[in-house]
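J.: Input: one structure, supplied below.
Only the coordinates and a few stated rules stand behind these numbers; no lab work does. Keep in mind it's a predicted model, so treat the numbers as computed, not measured. Ideal geometry is used to build each Cβ from the backbone, glycine not excepted, and the neighbour counts take in all protein chains shown.
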Amino acid sequence: MSIPSPGKKVRGSLSGSPINALFDLLGRRWALGILWNLEEGPCTFRNLQERCGDISPSILNSRIKDLREADLVEKSLDGYVLTLRGKELRAIILPLGKWSAVWSKEVFDYMRPCMLEQLEHIDHPESL
């Protein structure tokens, strides 16, 4: 399966708007989890699999391929890392995560344990 591409039909958009293509890509199983877990620096395949928990090797391999094709992840001598574009995307997603935590609490009275503590560094982009 190829990655969702702007200008082609994607989930949520017949015209393939860039934002819908991105959301389609990020909505794939474990795509965001991989981006999240690469925050800590280079990761070998096995180390990334451990960080992600119960991800199967085939899903991890498929997502890495997708994210590499989208120029969000690359392979370095030390393992997989976020590209500059991947780091920029992550910096954009962090405030969305903070917003969603407040929304979840206010609208659904649900707060995932430790969520606010994990998101506290969002106000300090220099920590990215």
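J.: At most 16 other Cβ atoms within 10 Å and a DSSP loop assignment: could you name the trypsin sites (Lys or Arg not before Pro) in region 9-48 that fit?
T.: Here the trypsin sites (Lys or Arg not before Pro) that fit, given the DSSP loop and packing criteria, are K9, R11, R29.
J.: Given the convex hull of the Cα atoms of the chain, what is a quarter of its surface area in nm²?
T.: Computing the convex hull of the Cα atoms and averaging its projections yields 8.9 nm².
J.: What does the charge count around S58 come to, taking other residues whose C-beta lies under 12 Å from its C-beta (Lys +1, Arg +1, Asp -1, Glu -1)?
T.: Result for the local shell: +3.
J.: Further, regarding this structure: Using 0.36 nm per residue of separation minus the Cα-Cα distance, give me the extension gain between R11 and E50 in nm, one decimal. Walk me through the numbers before you get to the answer.
T.: Working: separation 39, 0.36 × 39 = 14.04 nm, distance 2.97 nm.
That works out to 11.1 nm of additional length.
J.: Taking θ = phi - 60°, what integer Hz values does the Karplus form 6.51 cos²θ - 1.76 cosθ + 1.60 yield along region 69-80, in sequence order, with x for Gly and Pro?
T.: 4, 7, 6, 10, 9, 9, 9, 10, 5, 9, x, 7
J.: When the Karplus curve 6.51 cos²θ - 1.76 cosθ + 1.60 is applied with θ = phi - 60°, which whole-Hz ³J(HN,Hα) does each residue of region 87-98 get, with x for Gly and Pro?
T.: Listing the rounded values in order: 5, 4, 4, 4, 5, 6, 6, 4, x, 5, x, 5 Hz.
J.: Which residue fluctuates most in the GNM of the chain (Cα springs below 10 Å): L38, L94, L14?
T.: Ranking L38, L94, L14 by mean-square fluctuation puts L14 first.
J.: Could you tell me which of N20, A31, F108 has its Cα farthest along the dipole of the chain towards the positive end, charges placed at Cβ (Lys, Arg +1; Asp, Glu -1), taken about the Cα centre?
T.: Sorting the options by dipole projection puts first N20.
J.: Sticking with this one: At 7 Å along Cα-to-Cβ for each site, give me the label-to-label distance between I93 and M111 in nm.
T.: Output for this residue pair reads 2.4 nm.
J.: Residue by residue, what Karplus-based ³J(HN,Hα) values in Hz, rounded to whole numbers, does region 20-26 have, using 6.51, -1.76 and 1.60 with θ = phi - 60° and x for Gly and Pro?
T.: Karplus-based 3J(HN,Hα) across region 20-26 equals 5, 5, 5, 4, 4, 4, 5 Hz.
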